Amino acid sequence: MEDTAMEDSEHNNIETEVAPALIALHPFQQSVAVAVGSDLRVFNLQEGCLLTLVDDSSEPLHKDSIRAICYGAKGKLFVSAGDDKLVKIWSTDSWQCLYNVASEKRVTAVAISNDGQFVCFADKFGVVWVVELAGFHENQALAHKKAAPVLAHYCSIITSLEISPDGQFIISADRDFKIRVTVFPKKPLDGAHEIQSFCLGHTEFVSCLAFIYNQDHPQGFLVSGSGDSTVRLWDFTSGSLLDTCEVGAEAGIPNSDGKNEDSHPIVTDLCATPDGSLLAVAIQRQACWQPLRILLLSCDLSAKSKTLSVVSINEEAFVPTSLGTSFTSDLLWMVMGVSNLKKSDTSSVVWVRVISGFGKNNPESVEHEPILLADKEIPGGEQLLQKLQGSLYIEKEVFAAAAEAVKTSMQNLLIKKQYSTEKREFRKRGRNDKKNKQ
């Protein structure tokens, strides 16, 4: 009887959990994808229309919140995954689902190998899995693939997953402040057993990873963002910390309001230009209102140094949940949004914004100063916003509720929950992997 009551409580918490909106750009800006809740929307930037996604499974694309999306293989593949424990692999030529991959746990991050032969995904139990895609073609029937475990973080939720620009390493970050650099094996299905290094130094959860690289530095450097209000630059092959940026101080945001220890700013996402000269940093505060702060860090890879400029959107309380850019434009795309919004007529809210001037060598010059584009100036214009957002206009009350929900969703995702001994035992009994072994 007690188990039943606890199970009902657990189920209700899952149902009301909000999920932040995500955005991803095709590397050659052919399309832009936005995910909010279980809804995946892809807009064709070349033809100016919403794309139809084809899935032969005769079921909804996703049954629960999508937690990770990305393009890969030079834009030929797209992957979506999340709380429904499904990883869907799409061809971007036809936008047909090629593979469904079942996961034992909810999926938190995805990555695609540079050659497009493997898809990796991480689950909430800290395990990274790999799927081989050799021999796929866009006209094939929907296939169900089985994943193999490749590495693990031992019971710590993996928050970000990246493959190095040269394809030699897979980098995984977790909620327990660690960044692990693992040699990507020649036979990934046999597991990854060689750890190259650990990048240690963050004092709170690591929320995001990105690479900055160029022709002179093809292997590049790793950049990480965290709940400790810092962005850190790493030589990831050795695990050496090269530089640290206190983003809250740089943006003029105090580290605490003196009353709430959770009021310090956190880094929610990172996005680098293709030439590695500029890094966009999205930050927010958990316990109080701030207008959007997008920091632009200008990086000199040869000197391993940085300069800083700040882009602010002061007219609205915009809390960015995801950033994206492409290889072929100077636009930085941003999205704010959540699903399962309480006390609102709409179940989800999405707001897309675009900054121009991202990717210029000198962001501090007047000519190349980053500018927030008006709705009509965005590629695809108001039609794109109508399709991706569901509406051109968002009422202030709904927007305020969404912003508050964004902060809650980030807390649920990244801050470790504390459970009583009784509840921990109950959760252990309900684990899928335990059930399968009984």
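Tabulated results
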item: Only listed residue being among the charged types (D, E, K, R) and over 21 Å from His264 (Cα atoms), chosen from Arg180, Arg175; result: Arg180
item: Qualifying residue in region 139-149 (condition: surrounded by fewer than 19 Cβ atoms within 10 Å (Cβ to Cβ), touching a helix residue (DSSP H, G or I) at 6+ places or on another chain (Cβ under 9 Å), closer than 27 Å to Gly75 by Cβ and modelled with pLDDT of 90 or more); result: yes
item: Test: residue in region 50-64 that is buried (at least 21 other Cβ atoms within 10 Å of the Cβ), under 20 Å from Arg106 (Cα atoms), within 15 Å of the chain's Cα centre (by Cα) and modelled with pLDDT under 95; result: no
item: Residue list for region 27-49, filter: assigned to a strand (DSSP E or B) and at pLDDT 95 or above; result: Ser31, Val32, Ala33, Val34, Ala35, Leu40, Arg41, Val42, Phe43, Asn44, Cys49
item: Verdict on Gly126 being within 22 Å of Leu388 (Cβ to Cβ), within 18 Å of the chain's Cα centre (by Cα) and buried (at least 20 other Cβ atoms within 10 Å of the Cβ); result: no
item: Candidates Ile69, Ile89, filtered to the one that is in contact with a strand residue (DSSP E or B) (Cβ under 6 Å, 6 or more places away or on another chain), open to solvent by 10 Å² or more (accessible area, probe 1.4 Å), without any contact (Cβ under 8 Å) to a residue 60 or more places away in the chain and part of a strand (DSSP E or B); result: Ile69
item: Yes/no for Leu200 being touching a Leu at 6+ places or on another chain (Cβ under 9 Å), exposed (fewer than 15 other Cβ atoms within 10 Å of the Cβ) and either polar (S, T, N, Q) or at pLDDT 90 or above (or both); result: yes
item: Subset of region 351-406 that is at pLDDT 90 or above, of a type in the set (A, V, I, L, M) and in a loop (DSSP other than H, G, I, E, B) - its residue that is surrounded by the most Cβ atoms within 10 Å (Cβ to Cβ); result: Ile378
item: Yes/no for Asp228 being in a loop (DSSP other than H, G, I, E, B), open to solvent by 60 Å² or more (accessible area, probe 1.4 Å) and acidic (Asp, Glu); result: no
item: So Glu104, is it assigned to a strand (DSSP E or B) and open to solvent by 10 Å² or more (accessible area, probe 1.4 Å); result: no
item: Selection from region 163-191 of residues that are in contact with a Ser or Thr (Cβ under 8 Å, 6 or more places away or on another chain) and open to solvent by 10 Å² or more (accessible area, probe 1.4 Å); result: Ile163, Gly167, Phe169, Arg175, Asp176, Phe177, Lys178, Arg180, Phe184
item: Members of region 1-26 found to be in a loop (DSSP other than H, G, I, E, B) and modelled with pLDDT of 95 or more, listed by number; result: His26
item: Of residues in region 164-197 being closer than 23 Å to Ile283 by Cβ, touching a Phe, Trp or Tyr at 6+ places or on another chain (Cβ under 7 Å) and part of a loop (DSSP other than H, G, I, E, B), the one modelled with the highest pLDDT; result: Lys178
item: Residues being among the basic types (Lys, Arg) and either surrounded by 20 or more Cβ atoms within 10 Å (Cβ to Cβ) or under 20 Å from Cys155 (Cβ atoms) (or both) - total across region 72-86; result: 1
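The values are calculated or read from the model by the stated rules, or taken from the named source; none is laboratory data. Keep in mind that what you see is a predicted model, and the values were worked out from it rather than measured. For neighbour counting, all protein chains shown are included, and Cβ atoms are generated from backbone atoms with ideal geometry for every residue, glycine included. For the accessible areas, the whole protein counts, side chains as well, though only heavy atoms, and no ligand, DNA or RNA atoms are used. Shrake-Rupley method; radii C 1.70, N 1.55, O 1.52, S 1.80 Å.
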